[in-house]
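Here the structure is laid out as structure tokens; the discussion comes afterwards.
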Amino acid sequence: MCLALPSLVTEILPDDNARVELGGVSKIISLALVSDVKPGDYVIVHVGYALSVIDPEEAARTLELFREMGEELPA
Amino acid sequence: MKYIDEFRDGEVAQSIAKAIKAEADPASTYHIMEFCGGHTHAISRYGLEDLLPANVRMIHGPGCPVCVLPVGRIDAAIWLARQPGVTLVTYGDMLRVPGSKRLSLLKAKAEGADVRMVYSTLDAIKLASANPDRQVVFFAIGFETTTPPTAVALKQAQALDLKNFSVFCNHVLTPSAITQILDSPEVRELGTVKLDAFIGPAHVSTIIGSRPYEYFAEEYQRPVVIAGFEPLDVMQAVRMLVRQINDGRFEVENEFARAVTRDGNEKAKSLVADMFELRRVFEWRGLGQVPYSALRLKEPYAAWDAERRWDVPQDNPGDNKACECGAILRGVKKPTDCKLFGTVCTPENPMGSCMVSAEGACAAHWTYGRFRDLETSDA
Ligand code: SF4
């Protein structure tokens, strides 16, 4: 019950709610637990609440680490 | 899908696997426990164990909230659902977990109790507002990820002055359980396995941050890497842990920096701190009585506490004798060590809690690992 996927925020709605999209499915979730979310952000949604906002720079850095590691390897 | 597909790339997984093989010392063994069921699920689903060298072993930990709730609390929820005028609401997974005498909430519902599934705590609040003549009890379970949503619902109930809503609180805390795995004399007596390092929780850490594990790493001298739930996250965490073990370091590192900070989600943490307090002790399936490992509502919220409103039974009849969930949750046994696995016990007809949620070790192995067993036994 802890599985949750990053979803794209498409619209900020009244009462701390937002519309998010994940793989073509649109859902309304609560933003009560996060601050400063805007359309275009990705949030981790769990039991109807955004728990955190994905940091695109950190995501890029992690992916870069994976790539570098491939290069470091002896052939 | 963004932030999903890139973290599932098979080729990259192979290259991380190569790096792990190159770095793991063939003369030593590496026992790594993943605490979270989300990691257990990823390991089974993507067959990650097959990518690891034989001396790097993954041990599945107790981190599935559905699996760790003892039978007595499920019985208590069923008891609540059977009280006159009560509508019991909870997350989907909880409906099928067997209590004692193989009764589940789903069976209680079939026998006439008003039991309903909700996706979100806000649905529970809506239900209570729409049905003022019913007592709506939210059977709350989960780790630090589901506690803040329960807190939001309580705040709303207070704002709306809802007199027919209450929470049967079973929220538990991750760091105390990890400590217990290493610390408890009971676990030691019952047998335990060598543990060199931990993969720390993903979504739990979005809330509590990576800081709570610092004390743990230092005190128990075990490295911790917080990792996301995608397969590359898990592989990368294994690699980082192998490195730490090789170097004799025991630090908290954060592989999941895209969603986890050192301090976590302050808004969620302060909401939880306002409304909940520690229970002196709480029972976990497989770990026994764990001190300061669970939460209850604070006094100002007593009006919304189901345990104060009803005299909820507190006994614990214990597990079904044949079910090995307890040993599996401590990492001492594997699902296939259980005689009931895949015969009497399947996800459609679970005998124990580990077969219920997708993150339970038995369910994960049943769904994704069984055919691998067949291949290996054929070979
Ligand atoms: S297979 Fe079923 S009965 Fe056996 S340990 Fe797993 S959940 Fe329990």
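Worth a mention:
- Residue-span extension gain [B:Asn131 to B:Gln158] - 0.36 nm each, minus C-alpha spacing: 8.1 nm
- Distance histogram for the protein assembly as shown (every C-alpha pair counted, 20 angstrom bins, percent rounded to whole numbers): 25, 59, 16, 0
- Within the shell of other residues whose beta carbon sits under 14 angstrom from the beta carbon of B:Ile125, the net charge comes to +1, with Lys and Arg scored +1 and Asp and Glu -1.
- Computing FRET efficiency as 1/(1 + (r/R0)^6) for B:Arg57 and A:Lys27, where r is the C-beta to C-beta distance and R0 is 41 Å, gives about 0.60.
- Segments B:332-339, B:281-288 sorted - mean Cβ within 10 Å per residue, highest first: B:281-288, B:332-339
- Computed label-point distance, nm, for sites A:Thr10 and B:Glu219 using a 7 Å Cα→Cβ extension: 4.6 nm
- Estimated FRET transfer efficiency when R0 is 22 angstrom, pair B:Glu266-A:Lys38 (beta carbons, to 0.05): 0.70
- Once the chain from B:Leu278 to B:Thr29 is taken as fully extended at 0.36 nm per residue, the excess over their C-alpha distance is 85.9 nm.
- Counting beta carbons within 10 Å around each of A:Glu68, B:Glu23, B:Glu255 and listing the fewest first gives the order A:Glu68, B:Glu23, B:Glu255.
- Residue of A:Leu22, A:Leu65, A:Leu13 that the Gaussian network model of chain A assigns the largest fluctuation, springs spanning Cα pairs under 10 Å: A:Leu65
- Fewest-first ranking of B:Phe7, B:Phe35, B:Phe250, using other Cβ atoms within 10 Å as the exposure measure: B:Phe250, B:Phe7, B:Phe35
- The helix-only estimate of mean residue ellipticity at 222 nm for chain B, built from DSSP H runs of length n ≥ 4 each weighted as -39500 (n - 2.57), is -11000 deg cm²/dmol after division by the residue total.
- Local net charge near A:Ile29, Cβ-Cβ under 13 Å (Lys/Arg +1, Asp/Glu -1): -4
- Per-pair calculated FRET efficiency, R0 = 41 Å: B:Ala302 and B:Lys21 via Cβ, rounded to 0.05: 0.10
- All other residues whose Cβ lies under 13 angstrom from that of B:Asp25 are scored, Lys and Arg at +1 and Asp and Glu at -1, for a net of -1.
- The stretch B:5-52 and the stretch B:233-260: distance between their alpha carbon centers, rounded to Å: 12 Å
- Relative contact order of chain B, pairs being alpha-carbon contacts under 8 Å that are 6 or more residues apart, as %: 23 percent
Rule-based calculations on the coordinates, nothing more; no lab input. Computed from a prediction, not measured in an experiment: that's the story for all the values here. Because the Cβ atoms are built from the backbone with ideal geometry, glycine has one as well, and the counts that use them run over all protein chains shown.
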